[in-house]
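Report on one structure; see the data block that follows.
The values are calculated or read from the model by the stated rules, or taken from the named source; none is laboratory data. The shown structure was predicted, so the numbers you read here are calculated from the model rather than taken from an experiment. Because the Cβ atoms are built from the backbone with ideal geometry, glycine has one as well, and the counts that use them run over all protein chains shown.
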Amino acid sequence: MSVSRVDSLTLSVSELARPTEPSLAGPSETEGPSTFESVLGQAIDQVSSMNATASQKIDALASGAVDDLHGTMISMKEADIAVKLVGTVRNKILDAFQELWRTSV
Amino acid sequence: MSKPFSVSGVFSAMEVSASGLTAERGRMNVIASNLANARTTHGADGKPYQRLDPVFTATEAAPGSFDPVLRNIREVELSGVRTDNTPGELVYDPGHPDANAQGYVQYPNVNVVTEMVNLMTASRAYEAGVTSIESLKSMARSALKIGQ
Amino acid sequence: MGLLDGVEQLRATLDYHLARHNLLVANLAHAETPGFRPLDLERTAFEGQLHAALETTDPGHVASPHASVGGETWRVVQDPAPGSTGTDGNGVGLDSQAVKIASNQLRYDTIASLVQNQLADLEWAANDGKSG
């Protein structure tokens with residue numbers, strides 16, 4: 001359900017602000033300490049599954065199998081938002097990294 | 001439903017509305033036939049015209065649909081016409097070519113006033129069906145705006 | 001919590017109004033069908049699964065296809081005798097059905113507009129304050 005996915009997305013994002021805490025509150029946590037890679041990887045997985053849902057719905061609508069207009073539109077937009085969120089978070093992180101490089105040594 | 005809809009959405013509603021429009025239009029045709037033949041004392045079969053009544057039936061709902069709402073939705077169909085066999089009025093007119101041995105002419109059992117009232121009802125029902133379709137178009141437009 | 005909870009709740013509401021519209025529009029189409037009684041769609045929010053088990057004894061009860069959100073039940077009901085039935089048993093009042101159709105459409109349009117607004121806001125936030 002897309003609700004829990006964006007939910008975990010934002011939780012993953014907020015986890016980055018607390019790097020000392022090893023546990024992730026995502027739905028598929030298996031590893032111990034969280035790395036930047038695993039957090040972002042999970043977020044991207046969630047985004048791609050939301051995109052898959054949206055694509056499925058669009059296909060069903062286009063082929064005439066269902067006529068769920070508002071549902072398809074909502075799923076589309078939700079996937080859109082998730083993608084943009086990840087993109088924005090990635091940019092912020094990169095900016096932060098670059099600042100760090102500049103100040104070191 | 002003739003189309004394989006699996007959920008009750010905008011298109012299924014439009015199909016139902018359209019079936020109503022077709023049925024009302026068919027009804028208006030039957031009424032027009034009655035009005036046109038209101039004074040036909042001698043038809044192709046030699047008998048005076050008998051007025052017709054449209055027969056409306058509900059067609060099968062979406063067979064095997066999982067949607068509980070869709071199962072309750074039926075399209076309407078003008079499945080045929082029924083002849084009204086009540087006799088019309090007899091008018092004494094011995095000079096009329098269709099007068100019987102006693103000098104009476106059998107006229108069709110068409111009451112023009114009744115037919116006109118029926119026509120107005122059918123027309124109003126048709127208009128209401130058109131408004132239904134317009135409402136569905138508005139809803140579809142609102143749904144599409146979400147994706148903007 | 002959950003950014004999209006509000007939107008998901010509204011999505012279920014849109015589903016309800018669209019399903020209801022199907023029934024109302026069918027009522028109008030059957031304005032002349034002998035013996036036809038107009039239908040409507042009720043919905044009740046409920047708490048807990050126990051209530052759901054009790055509700056399903058009545059054949060008129062149907063579970064909402066989206067019962068997972070907020071636990072709604074939908075029920076197809078026959079309009080209680082709307083005053084006059086014609087001599088052929090038809091109970092459809094053209095004007096009352098037309099009014100229901102107009103008001104249901106208005107609700108759908110309004111909620112769709114709300115959804116569009118909420119999603120646009122979320123998109124704006126996800127874009128870090130820029131639009132598009």
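Looking only at residues of the stretch B:121-148 that are of a type in the set (Ser, Thr, Tyr) and in contact (Cβ under 8 Å) with a residue 40 or more places away in the chain, we find that the one that is nearest to the other protein chains (Cβ to nearest Cβ) is B:SER132.
Can you tell me which residue within the stretch B:47-66, out of those that are of a type in the set (A, V, I, L, M, F, W, C) and buried (at least 19 other Cβ atoms within 10 Å of the Cβ), is modelled with the lowest pLDDT? Here the answer is B:ALA62.
Looking only at residues in the stretch B:43-59 that are among the aliphatic types (A, V, I, L, M) and facing chain C (nearest Cβ under 10 Å), which one is nearest to B:ASN72 (Cα to Cα)? That would be B:ALA58. All conditions but one from (1) at pLDDT 90 or above; (2) touching a helix residue (DSSP H, G or I) at 6+ places or on another chain (Cβ under 8 Å); (3) within 9 Å of chain C (Cβ to nearest Cβ) apply to B:ASN72; the one that does not is (1). Can you confirm whether the stretch A:58-71 contains a residue that is touching a residue at least 24 places away in the same chain (Cβ under 8 Å), surrounded by 13 or more Cβ atoms within 10 Å (Cβ to Cβ), under 23 Å from C:LEU14 (Cβ atoms) and of a type in the set (Val, Ile, Thr)? Within the stretch A:58-71 (the criterion being touching a residue at least 24 places away in the same chain (Cβ under 8 Å), surrounded by 13 or more Cβ atoms within 10 Å (Cβ to Cβ), under 23 Å from C:LEU14 (Cβ atoms) and of a type in the set (Val, Ile, Thr)), the answer is no, since none of the residues qualifies.
Conditions (1) part of a loop (DSSP other than H, G, I, E, B); (2) touching a residue at least 40 places away in the same chain (Cβ under 8 Å); (3) surrounded by 15 or more Cβ atoms within 10 Å (Cβ to Cβ); (4) in contact with a Pro (Cβ under 9 Å, 6 or more places away or on another chain), marked per residue:
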| position | (1), (2), (3), (4) |
| --- | --- |
| B:PHE11 | no, no, yes, no |
| B:LEU21 | no, yes, yes, no |
| B:GLU24 | no, yes, yes, no |
| B:VAL30 | no, yes, yes, yes |
| B:ASP45 | yes, no, no, no |
| B:PRO68 | yes, no, yes, yes |
| B:GLY80 | no, no, no, yes |
| B:ASN85 | yes, no, no, no |
| B:PRO94 | yes, no, no, no |
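One residue stands out among those in the stretch C:18-77 that are hydroxyl-bearing (Ser, Thr, Tyr) and at pLDDT 50 or above: the one that is surrounded by the fewest Cβ atoms within 10 Å (Cβ to Cβ), which is C:THR44.
Scan the stretch B:75-110 for residues that are out of contact with any Leu (no Cβ under 9 Å at 6 or more places or on another chain) and within 14 Å of chain C (Cβ to nearest Cβ) and the total you get is 6.
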